[in-house]
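Here, each number is a calculation from the coordinates, and none is a lab measurement. Not measured: the values here are computed from a predicted model. Cβ: placed from backbone, ideal geometry, glycine included. Neighbour counts: every protein chain shown.
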């Protein structure tokens, strides 16, 4: 049934009836609109009202703390192969290297010597049966044995030692003279024995020709002295002997000395 809406009744006076509920809602609408009747049009829309009551933009907040480091990302895919680069310029020419040592010219094997040999050339002389009977090397003037020989002499009283000689020999190269003695307690630079290797008559030292000398200038104890000779003789020595010549004061015993001569035989 029709009824008149009363928007002047406050909500608290509402009863449990449909008419009372409608009156209460009308009263609340009028209050919200601020008009004289619930049917009046609002002065502003809800959207406009929202814009009116929206606050000003707030101040920028302070920067937050740095976050924790993130997990390592997955390995990226392999990139495409780059283009081939241009060829570089040719480098400068290097310095010339040192000259190398002369190589071994090899071994010539024959019963007769090679013609026009070069220095350092090897020749193995063969017998008629093809067996090597001498191993020689060319020094530019003579064919010398490739392996040295050794001659031992005991004592230093001029006892002669015959020089080994081959039928084919025409020269001898004396390379080294070695002396071993027991020494003397007072031996020094002024008290010593001179052990002189000589070629010639062994009966008289003054008649011999000196080849080389060793000097026992170290005190006491067994000592070895040596001297490089490297002297070439184009004829066979008469004999080789060692004489001891005393200088100053020394109690060295000559009888306990021993000597070695290193040499090579050769031919033209």
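Which order do peptides 180-187, 151-158, 236-243 fall in by mean Cβ count within 10 Å, highest first?
Working: 180-187: 19.1, 151-158: 16.6, 236-243: 21.1.
With the highest mean Cβ count within 10 Å placed first, the list reads 236-243, 180-187, 151-158.
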**OP:** Considering only 68, 92, 167, give the residue with the highest GNM mean-square fluctuation for the chain, with springs between Cα atoms whenever their separation is below 10 Å.
**Re:** 68
**OP:** Tell me the label-point distance for the pair residue 152, residue 13, using the 7 Å Cα-to-Cβ offset, in nm and rounded to one decimal.
**Re:** 15.8
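Take every DSSP beta bridge whose two residues both sit in the chain, then give the antiparallel share in percent to the nearest 5. Walk me through the intermediate numbers first.
Numbers: 50 of 55 bridges.
Around 90 percent antiparallel, to the nearest 5.
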**OP:** Calculate, axis by axis, the spread of Cα positions in the chain along the three principal axes, and write the results as whole Å, longest axis first.
**Re:** 179, 58, 37
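Among 256, 193, what is the fewest-to-most ranking by other Cβ atoms within 10 Å? Display every interim value, and only then the final one.
On the way: 256 14, 193 27.
Taking fewest neighbouring Cβ atoms as first place, the list is 256, 193.
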**OP:** Estimate the FRET efficiency between residue 169 and residue 249 by the formula 1/(1 + (r/R0)^6), using the beta-carbon distance for r and 35 Å for R0, to the nearest 0.05.
**Re:** 0.20
Original post:
With r defined as the distance between the Cβ atoms of residue 134 and residue 233 and R0 fixed at 25 Å, what FRET efficiency is calculated, to the nearest 0.05?
Top reply: 0.85
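Counting helices only, and only those DSSP H runs with n ≥ 4, report the 222 nm mean residue ellipticity of the chain as the sum of -39,500 (n - 2.57) divided by its residues, in deg cm²/dmol to the nearest 500.
Numbers: 2 runs with 24 residues, N = 268.
Rounded to the nearest 500, it is -3000 deg cm²/dmol.
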Original post:
When the chain is modelled as a GNM with alpha-carbon springs shorter than 10 Å, which of 194, 224, 48 fluctuates the most?
Top reply: 48
